[in-house]
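Notes follow the structure.
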Amino acid sequence: MPNFYFPSQLTIVLIQLNDQLVYAGYKRNLTKRMPLGLAYVAAALLDAGHSVEIIDAALDDLGVKDIVQNVLAKKPHLVGITCTTPLFPQLVEVVSGIKNKQKDIYFVIGGPHVSYLPEFSLIKSGADCVCIGDGERPIVGLIKSLLNGKEPSGVESITYRWGEEIKSTKRMRTKLWHSKSMAIPTDLDKISFPARNILRVNEYVDYARGVLAPQTSVITSRGCVGRCGFCSAGETFVKFRSVENVMEELEDIFYKYHIYNLVFYDDSFTTKKERVIRICKEMLKRKLKFTYQVQLRLDQVDDEVMDWLVKSGCTQVGPGIESGNPEILKSIGKSPKATPEFMFGKCNIIKKYPVKLRCSYIMGWVDETEEQIWDTIDIAKKIDADENAFSIATPYPGTRMWEVALRRGLVSNDMDFSQLVYYHKIGCNVSKVPTQRLLELHELAYKEVGNRVYRLIESGKYASRRLLHKV
């Protein structure tokens, strides 16, 4: 049994780290998103009878010292922290800072990065347990075991310290290739709605896109049918909430919290056509007058879907175009039908409707050349979306791209993960374009295509394709 004292009701602090690191080097209009994952975990812990608070360091723009001081002031028994890959070093600093002051706090960490590198993450961070994947069920089971003085060996999807050992339990089946003997994922309808009541929900806004009133995040499904090699969500089972369950939450948001702006966090909101149309119809039937934003796949777009989205309040759709080059699209893992011509045609369908079109692109994919990057810039100019996001392709643990970079000796489990950001600097270049040139092309993409949301701080030295195309 670890050397921790636990009363029957725990005081728990959950931490959302400050993600401004990802946007270092950019002037960026203020967008503050509710920490949806932590709000779900908080709800599960509250249901189990514990006292829970969330520190949103991104909302309050807190540094590591501020986070540590805030945590210590609350005198928690357990601290939970979630993080993405570039924020892992910040997680390590926070854990170390708290442990230096108070050693009897139990640390649980989660999020996409530590889920794919659980053993290393425990060793590097000094934390006590990793919740792998969906955290609601594992963290409640973990605490129940610890309160009973038992080893949590029967709790699925965790990696934990026990004495001098690091142990792992049976994982939940999330990937398409996972064994059928793995644990069955949670029924999403049985999970409590996110604990918005412990957050300052009125402070989450999206000034960048003109949403000045409070906005909240909702997810109606988990997982993605896509196979994109740069994304850890690819090739996962898609789990859906029932339409009735979604409607109950939307009514809660509308009538209890009086929030009328939504961001749907589904990897693709339109995965099931009949289901998304039912959701739209129910929103109209129940007179839930929201404005909302969604991500979707272009192979799921047609006039019927767009018509219902717009009728029910959709104001922005965000497809991932990724590249304008057929070879790169195939290499990434996009659908065979997702040719540049196909995606251009689908974007034209969207542009017939009164919604904003936000297109995402990557550059610097595995073995990508400069000519292929220019194909991406060209299609972005041709599509002429309202908003464009150009990201430098970056290998993250759990992705096919990470495995390529690992084989080439370009990344390792103990590297400085703060370098793996996808704007303004390059921590790992797997393309055929020299790193400095790739940075120039990234800046040029914004100058050539235009974007009102993300703007480089530095004044551009490179203003013409004609001058820069040949190097």
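The values are calculated or read from the model by the stated rules, or taken from the named source; none is laboratory data. If you're wondering where the values come from, they're calculated on a predicted model, not measured in any experiment. Here Cβ is always computed from backbone atoms with ideal geometry, including for glycine, and neighbour counts include all displayed protein chains.
Observations on the model:
- Residues (of a type in the set (S, T, Y), modelled with pLDDT under 95 and either touching an Asp or Glu at 6+ places or on another chain (Cβ under 7 Å) or on the phi > 0 side of the Ramachandran plot (or both)) located in segment 178-205: T186
- Taking first residues from segment 394-405 that are surrounded by fewer than 22 Cβ atoms within 10 Å (Cβ to Cβ) and partners that are of a type in the set (K, R), no Cβ contact under 7 Å between residues at least 6 apart in sequence or on separate chains turns up.
So that you can scan it fast, the table gives a plain yes or no per residue for (1) within 19 Å of D375 (Cβ to Cβ); (2) not in a loop (DSSP other than H, G, I, E, B):
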{"residue": "A405", "(1), (2)": "no, yes"}
{"residue": "G409", "(1), (2)": "no, no"}
{"residue": "K432", "(1), (2)": "yes, no"}
{"residue": "Q436", "(1), (2)": "no, yes"}
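- Of the criteria (1) at pLDDT 95 or above; (2) surrounded by fewer than 18 Cβ atoms within 10 Å (Cβ to Cβ), which one L250 fails: (2)
- Whichever residue in segment 336-390 is buried (at least 20 other Cβ atoms within 10 Å of the Cβ) and of a type in the set (S, T, N, Q) and, among such residues, is farthest from M401 (Cα to Cα): N388
- Checked against (1) modelled with pLDDT under 95; (2) of a type outside the set (G, A, S); (3) outside any helix (DSSP H, G or I), P152 meets all criteria but (1).
- On the stretch given as segment 61-105, residues that are acidic (D, E) and out of contact with any helix residue (DSSP H, G or I) (no Cβ under 8 Å at 6 or more places or on another chain) total 1.
- Among the residues listed as G313, G226, G333, the single one being surrounded by 19 or more Cβ atoms within 10 Å (Cβ to Cβ) and touching a Lys or Arg at 6+ places or on another chain (Cβ under 8 Å): G226
- Exclusive hit being in contact (Cβ under 8 Å) with a residue 40 or more places away in the chain, more than 20 Å from F417 (Cβ to Cβ), assigned to a helix (DSSP H, G or I) and within 18 Å of the chain's Cα centre (by Cα), set L87, L59, L46: L59
- Residues of segment 401-454 satisfying the condition of being modelled with pLDDT of 95 or more, among the basic types (K, R) and within 30 Å of I123 (Cα to Cα): R407, R408
- You will find that of K99, K27, K103, K65, the residue that is in a loop (DSSP other than H, G, I, E, B), over 24 Å from G133 (Cβ atoms) and either at pLDDT below 95 or of a type in the set (D, E, K, R) (or both) is K103 and no other.
- Pick from segment 218-274, criterion over 23 Å from A208 (Cα atoms) and among the hydroxyl-bearing types (S, T, Y), ranking: farthest from the chain's Cα centre (by Cα): Y255
- Within segment 260-291, if we keep just the residues that are hydroxyl-bearing (S, T, Y) and touching a residue at least 60 places away in the same chain (Cβ under 8 Å), the residue that is nearest to K32 (Cα to Cα) turns out to be Y265.
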